[in-house]
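The values are calculated or read from the model by the stated rules, or taken from the named source; none is laboratory data. From a predicted model like this one, the values you see are computed outputs, not experimental measurements. Virtual Cβ from ideal backbone geometry, glycine too; neighbours counted across all protein chains shown.
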Amino acid sequence: MAGGASLALGREATYTLGMDTLPARPASGRGPLAVVRFLGLVLLGALVGAVAALAAVAFVSAVLALNELLLISPRSRMMFDHPALLLAATVAVPALGGLVVGQLHRAIPERRPHAPADVIAAVQTRRGRLPARAGSISALSALVSLGSGASVGQYGPLVHLGATLGSLGARLLRLGRSDDNITIACGVAAAIATAFNAPLAGIVFAHEVVLRHYALRAFAPVAAAALVGYVIATNVLERGALFHVAETAVPRPWEFVAFLAIGGLGALVAGAYMHAILGVTRLAGALTLAPSLRPALAGTLLGLTALWVPDILGMGQETLRFATIAGAFGSAELLLVLVLKIAATGLCLGMGFSGGVFSPALVIGTLFGALCGSLVGQFSGAPQETFVFYAVCGMVAVTSPVIGAPLTSLLIVFELTGSYALTTAALASVTLASPIAAQLFGRSLFDIQLEQRGLDLSAGRGRAVLRTTPVAEHLTDDCVTLHPQTPVAEAVTALCRARHGEGYLVDDRGRYRGCVGLADLEAARESSTGPTRVGEVATLARPVLRPDTSLWDAMAELQDVTGEALPVVDPAADDAFRGVVFESSIARAYLAHSDELRREEHGTG
Amino acid sequence: MARGERSRWPASAPRLALLWLALFAADPGQADDDALTVLSWGGAYERAQQAALFSPYTAATGTPIEVAQYDGGLEGLRRAVAEGEVPWDLIDMTRSEAMAACAEGLLEPLSPALLAPAPDGTPAEEDFLPDSFGRCAITHSIFATVVAYRRDAFPGKRPDSIADLFDQRRFPGPRALQRTPAVNLEWALLSYRVPHEELYGLLSTRRGLDLTLARLDELDEIRWWEAGDVPPRLLAEGEVVMASGYNGRFFDAMVNRGVPIEILWDGQVQEHETWAIPRGAANPEMARDFLRFATTTDRLADLSRHIPYGPARRSAAVRVTTHPDSGVDMRLHIPTHPLNAENALAKDEAWYARTLGRIQDYFRAWLEAREGQ
């Protein structure tokens, strides 16, 4: 048990040991066959990208068509010349949409829509295999939510849809988990590249948010997918860029201080936004109303508020645009719409509408930036040529902490505007916003949600993988179980015959009663005054594992144990003894997982 | 339908002349009670139609054409249909007004089946540009509302973006704008650099409308025009330095009358000019016959030689040549030429057809408030 002894030294030693005892397999990126296989993966990435991009285009078009049909878009509201009916529709459409969404979610096992957080969890735990059925129901319910004007985003559903399609592709081709993770990232990258018309942002988003490591092996397929998505977007989707900037405007040096400050304050706005969503989710749990009816309630409240402030309906594209125009809103109005939009989005997402957090964050951030811009304008008396800079800085300061993607936010600004001046201004805001929000709230809303569901990604993928791998995978019944009434001599014989040093006491009802060592049994047999029954022999101090104990926790237990194996006991079944896991199995599994991660993250092909 | 069959004959000159003689010899007195009354826009536009459409039609069929002056709007048509006294057989109207009139039941339905194929046999449905056929109207030309400016008004500078229309600092001087919300609203909002795709969505909000009117309010002096011949005149007389107007009128002033103006093509708003037959017209069959004649490839190409409107037929667009008097290459002056159409705005006709009344009320209220000051 040399392995066990060194392992007890802690994690550092583990890795050293891993190198010694499990030499990395010869890198698979050598030789013509590996190259062909790798190119096949790139091709698959492009294919996934094409399918995800087309799905994204169809999704976006369907949302726009529904918004026209259901009197959500300002254009359709303006063209509809029956004021009383329009008021009725403003309340009825989100309410009925919520009703449909609630019913749809009853068909998902978790009773909630799947979202980017589920994608992150699947990749970070190397589980992959996103469920196609829950994925398609979530996409459908997101379509209904967005179509009926709920204050939710469209990019989250697009990302999840792309990821689900990618995972489906990997499963159809019977690829392994590593490749499954890569095709998921491909779907994500293509969805972002298509939706924003920004291929670089798509690639970086897939790495920054989903994969969370950089490997050349993943880069090429993801880049191919993003590129295909971009090509499809530029040829099919004809949409205006999010921002336009007058070429002449360049911020004065002191304005960068303002951009930095917007970053710091934006982190707080992002925190308020995330906590609005999380808070409503918590409160909704305490409601007596059935979960499937909660979205309908949220829709009704949203519709009633929209009668007063229609800007909060839907994704808010018009509101976003107006917020970049100096003078479109007064300062008080900006604050009002900002607060209501946060409340509306918290309400919709917390009560169970399906949709993303990014588009509302864009609106909220831009309103916040516009507010800062108009305040600075008022106090400095400066002309409003750089107003759009403030709007964009506010936008990235709020969005990047929410999705945990500072680089993606910057790249979106860069690719949409092509303006270096604007990107540097945004950089100033992101510099403060992301770390401050990460310190105060967490890496992203997705991470906070996952942590609440029991998946802590704060220490990276290595721990997350080990934490989600149950030790019971290595359970064996290759052990000696002893009844407490067994005579000591008989027990010694049994252990010797089985060539084991430890036996496990299991009573009549199958309950685990402790662990005895061969040495203690021998001593008892030799002693004339000692115990005659196994049950009377002193048991070894031995931690027990539960069937759902993770590999990570098992490793932690091993730190204080020298012995052969750890018993697995099921407290749910009256402490029933399930078998044992050998310490060497735990160590081997630990090393194998580390090795797989290492190959995935550092392999080239 | 003797007349309908005749017009389907190949339009070779000797046969037409023969026909014309035969008609007049046979029935010289029918002209007056059987005249076709066309409601059209007057000025250079009417002169071009006279040369390319009306005279050749009369020459080919013997039917005289009387032209009534039209300044847009539906009030006259509405009244005439309600009273059952429709004095016109055919109206040359913008597509947006045709759509609104059609929705109100003021127009006869029109089928594209009555149109002649292209000279090479391409059916009309494929030859016409997209969205040319409405339920009650058929597009014959594409024109644009553009801004023109006096070349001598801004020494050393020239406007190159539609936002310059509202830039009184760099381009000072009075402007002439059409007394309608259409086009003015679009340009005012475009001056905030919003993308074309989102324009009508933004104009659909109170906030968007307020922004546009705030922009219009920034102009010190606006001369409002209603008839299309006014803006070139105001420019020619130096009353204004910039004016909105129809590209055909500006062309006429520029090329035929040597007025020192230049067209700003950025932000041009393209519109379809259509033929429509009013409900209760006295001679609807004759009107259809003329419509078929006037939308043949030859006639459309000829019309674009007289006035720089883009023909609605692809086969006609490639046949556009030089202006008959000045020899100017007309392809460079039609709104659909790639160089001119780069930043063209397609007017959202469906939006206008449904909102015109309310938008006009809103605009009028603002106008009255402005003029009351």
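Please find, among B:Asp164, B:Asp210, B:Asp229, the residue that is touching a Lys or Arg at 6+ places or on another chain (Cβ under 9 Å), of a type in the set (Asp, Glu) and under 23 Å from A:Glu385 (Cα atoms).
Values: B:Asp210 fails: touching a Lys or Arg at 6+ places or on another chain (Cβ under 9 Å); B:Asp229 fails: under 23 Å from A:Glu385 (Cα atoms).
It is B:Asp164.
Regarding A:Gly135, is this residue over 26 Å from A:Glu415 (Cα atoms), in a helix (DSSP H, G or I) and within 15 Å of the chain's Cα centre (by Cα)? Please lay out each step first, then the result.
Working: over 26 Å from A:Glu415 (Cα atoms): yes; in a helix (DSSP H, G or I): yes; within 15 Å of the chain's Cα centre (by Cα): yes.
Against the criterion (over 26 Å from A:Glu415 (Cα atoms), in a helix (DSSP H, G or I) and within 15 Å of the chain's Cα centre (by Cα)), A:Gly135 qualifies.
Could you check, for the stretch A:84-105, whether at least one of its residues is buried (at least 18 other Cβ atoms within 10 Å of the Cβ), within 14 Å of chain B (Cβ to nearest Cβ), modelled with pLDDT under 95 and under 17 Å from B:Trp351 (Cα atoms)?
no
Out of the stretch A:319-345, which residues are modelled with pLDDT of 90 or more and on the phi > 0 side of the Ramachandran plot?
none
From A:Gly352, A:Gly316, grab the single residue that is within 13 Å of chain B (Cβ to nearest Cβ), at positive phi and either at pLDDT 95 or above or in contact with a Pro (Cβ under 8 Å, 6 or more places away or on another chain) (or both). I'd like the intermediate steps shown before the answer.
Values: A:Gly352 fails: within 13 Å of chain B (Cβ to nearest Cβ).
Result: A:Gly316 is the single residue among A:Gly352, A:Gly316 that is within 13 Å of chain B (Cβ to nearest Cβ), at positive phi and either at pLDDT 95 or above or in contact with a Pro (Cβ under 8 Å, 6 or more places away or on another chain) (or both).
When you go through (1) surrounded by fewer than 20 Cβ atoms within 10 Å (Cβ to Cβ); (2) without any contact (Cβ under 8 Å) to a residue 24 or more places away in the chain one by one for A:Ser409, which number turns out not to apply?
(1)
Being modelled with pLDDT under 80 and either over 24 Å from A:Val222 (Cα atoms) or part of a helix (DSSP H, G or I) (or both): is that true of A:Gly4 here?
Criteria met by A:Gly4.
Would you pick out the residues in the stretch A:56-83 that are within 10 Å of chain B (Cβ to nearest Cβ), in a loop (DSSP other than H, G, I, E, B) and over 16 Å from A:Ser148 (Cβ atoms)?
Across the stretch A:56-83, the qualifying residue is only A:Asp81.
Which count do you get for residues in the stretch B:90-143 that are in contact with a Cys (Cβ under 6 Å, 6 or more places away or on another chain), in contact (Cβ under 8 Å) with a residue 60 or more places away in the chain and not aliphatic (A, V, I, L, M)?
Residues meeting the conditions: 2.
Residues A:Thr476, A:Thr481, A:Thr539, A:Thr493: which one is touching a residue at least 24 places away in the same chain (Cβ under 8 Å), β-branched (Val, Ile, Thr) and surrounded by fewer than 15 Cβ atoms within 10 Å (Cβ to Cβ)? Lay out the reasoning, then the answer.
Working: A:Thr481 fails: surrounded by fewer than 15 Cβ atoms within 10 Å (Cβ to Cβ); A:Thr539 fails: surrounded by fewer than 15 Cβ atoms within 10 Å (Cβ to Cβ); A:Thr493 fails: touching a residue at least 24 places away in the same chain (Cβ under 8 Å).
Being touching a residue at least 24 places away in the same chain (Cβ under 8 Å), β-branched (Val, Ile, Thr) and surrounded by fewer than 15 Cβ atoms within 10 Å (Cβ to Cβ) holds for just one of A:Thr476, A:Thr481, A:Thr539, A:Thr493, which is A:Thr476.
Among (1) in a strand (DSSP E or B); (2) small (Gly, Ala, Ser); (3) within 15 Å of the chain's Cα centre (by Cα), there is one condition B:Ser304 misses while meeting the rest; what is its number?
(1)
I'm told A:Val144 meets every condition in (1) in a helix (DSSP H, G or I); (2) within 14 Å of another protein chain (Cβ to nearest Cβ); (3) not hydroxyl-bearing (Ser, Thr, Tyr) except one. Can you identify the failing condition by its number?
The one condition A:Val144 does not meet is (2).
Which one of the conditions (1) in a loop (DSSP other than H, G, I, E, B); (2) at pLDDT 85 or above; (3) over 20 Å from the mean Cα position of the chain (by Cα) does B:Ile359 fail to meet, given that it meets all the rest?
Unmet condition: (1).
Out of A:Gly266, A:Gly285, which single residue is of a type outside the set (S, T, N, Q), more than 28 Å from A:Ile72 (Cα to Cα) and out of contact with any helix residue (DSSP H, G or I) (no Cβ under 8 Å at 6 or more places or on another chain)?
On the way: A:Gly266 fails: out of contact with any helix residue (DSSP H, G or I) (no Cβ under 8 Å at 6 or more places or on another chain).
Checking each option against the conditions leaves just A:Gly285.
Identify, please: which residue in the stretch B:337-356 is of a type in the set (D, E, K, R) and part of a helix (DSSP H, G or I) and is, among those, nearest to B:Pro311 (Cα to Cα)?
As a first pass, look at the stretch B:337-356 and keep what is of a type in the set (D, E, K, R): B:342, B:347-349, B:354.
Of the ones still in play, those that are also part of a helix (DSSP H, G or I) are B:349, B:354.
Details: B:Glu349: 19, B:Arg354: 27 Å.
So the residue we want is B:Glu349.
Is there a residue in the stretch B:283-295 that is in contact with a His (Cβ under 9 Å, 6 or more places away or on another chain), assigned to a loop (DSSP other than H, G, I, E, B) and crowded, with 22+ Cβ neighbours inside 10 Å? Talk me through it step by step, then tell me what you get.
Taking the stretch B:283-295 first, the residues in contact with a His (Cβ under 9 Å, 6 or more places away or on another chain) are B:291, B:294-295.
Filter once more, so that each one left must be assigned to a loop (DSSP other than H, G, I, E, B): B:295.
The next check asks that each one be crowded, with 22+ Cβ neighbours inside 10 Å; those that pass are B:295.
Checked against the condition, which is being in contact with a His (Cβ under 9 Å, 6 or more places away or on another chain), assigned to a loop (DSSP other than H, G, I, E, B) and crowded, with 22+ Cβ neighbours inside 10 Å, the stretch B:283-295 yields at least one hit.
Applying the selection to the stretch B:305-329, what residues are of a type in the set (Gly, Ala, Ser) and either surrounded by fewer than 23 Cβ atoms within 10 Å (Cβ to Cβ) or in contact with a helix residue (DSSP H, G or I) (Cβ under 6 Å, 6 or more places away or on another chain) (or both)? Break it down stepwise before answering.
First pass over the stretch B:305-329, keeping only residues of a type in the set (Gly, Ala, Ser): B:310, B:312, B:315-317, B:326-327.
Across the stretch B:305-329, the qualifying residues are B:Ser315, B:Ala316, B:Ala317, B:Ser326, B:Gly327.
Just for the stretch B:38-82: of the residues that are part of a helix (DSSP H, G or I) and touching an Asp or Glu at 6+ places or on another chain (Cβ under 6 Å), which one is modelled with the highest pLDDT?
Just the residues of the stretch B:38-82 that are part of a helix (DSSP H, G or I), to begin with: B:43-61, B:75-82.
From what's left, touching an Asp or Glu at 6+ places or on another chain (Cβ under 6 Å): B:43-44, B:52.
Working: B:Gly43: 80, B:Ala44: 76, B:Ala52: 94.
Across the stretch B:38-82, the extreme among qualifying residues is B:Ala52.
Got at least one residue in the stretch B:220-235 being within 14 Å of chain A (Cβ to nearest Cβ) and crowded, with 22+ Cβ neighbours inside 10 Å?
Going through the stretch B:220-235, the residues within 14 Å of chain A (Cβ to nearest Cβ) turn out to be none.
Checking the stretch B:220-235: not a single residue is within 14 Å of chain A (Cβ to nearest Cβ) and crowded, with 22+ Cβ neighbours inside 10 Å.
Residue check: is A:Gly418 more than 25 Å from the chain's Cα centre (by Cα), surrounded by fewer than 22 Cβ atoms within 10 Å (Cβ to Cβ) and closer than 19 Å to A:Leu334 by Cα?
Details: more than 25 Å from the chain's Cα centre (by Cα): yes; surrounded by fewer than 22 Cβ atoms within 10 Å (Cβ to Cβ): yes; closer than 19 Å to A:Leu334 by Cα: no.
Spelling it out, it is not the case that A:Gly418 is more than 25 Å from the chain's Cα centre (by Cα), surrounded by fewer than 22 Cβ atoms within 10 Å (Cβ to Cβ) and closer than 19 Å to A:Leu334 by Cα.
Out of everything in the stretch A:456-473 that is over 15 Å from A:Arg588 (Cβ atoms) and charged (D, E, K, R), what residue ends up being surrounded by the fewest Cβ atoms within 10 Å (Cβ to Cβ)?
Top of the filtered list is A:Asp456.
Go through the stretch A:327-349 and count every residue that is within 14 Å of another protein chain (Cβ to nearest Cβ) and β-branched (Val, Ile, Thr).
Of the residues in that region, 1 qualify.
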